[in-house]
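Shown next, in structure tokens, is the structure this report addresses.
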Amino acid sequence: MRLHALEFTGIGPFRERQVIDFDRLAGSGLFLIDGPTGAGKTTIIDAIVFALYGDVSGREADDSRLRSDYSLPSEPSEVICEFSVGDRR
């Protein structure tokens with residue numbers, strides 16, 4: 001499996017739409033998710049895992065942590081993950 005793009009809004013500390021282009025990041029074959037505590041690194045992993053499996057990562061993880069505390073009740077929380085497996089995208 002190869003990740004191509006991740007788009008999410010209303011997830012974790014991110015109220016606004018965020019887009020990550022993994023194809024651009026992985027031009028050399030590797031990339032690193034780095035940042036200080038609270039920057040949203042785990043949120044990125046949670047968004048990917050939720051998009052693929054419908055749950056968050058970690059045994060004791062609570063999926064309520066997905067919803068952004070900054071989002072208004074009327075604003076959606078959503079994740080879109082574009083990936084490929086073999087020759088299917």
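The residues in the stretch 22-38 that are aromatic (F, W, Y) and open to solvent by less than 60 Å² (accessible area, probe 1.4 Å) can be counted, and the count is 1.
Only one entry in V19, V49 is open to solvent by less than 90 Å² (accessible area, probe 1.4 Å), hydrophobic (A, V, I, L, M, F, W, C), assigned to a strand (DSSP E or B) and within 24 Å of P76 (Cβ to Cβ), namely V19. Out of S84, S68, one residue alone is in contact with a Gly (Cβ under 6 Å, 6 or more places away or on another chain), at pLDDT 90 or above and not hydrophobic (A, V, I, L, M, F, W, C). It is S68. Residue count for the stretch 33-46 under the criterion of being assigned to a loop (DSSP other than H, G, I, E, B), aliphatic (A, V, I, L, M) and out of contact with any helix residue (DSSP H, G or I) (no Cβ under 9 Å at 6 or more places or on another chain): the result is 1.
The values are calculated or read from the model by the stated rules, or taken from the named source; none is laboratory data. Model, not experiment: these values are computed from the prediction. When we count neighbours, we look across all protein chains shown, and the Cβ atoms used for this are built from the backbone with ideal geometry, even at glycine. These accessible areas exclude ligands, DNA and RNA; they are computed on the full protein's heavy atoms, side chains included. Shrake-Rupley method; radii C 1.70, N 1.55, O 1.52, S 1.80 Å.
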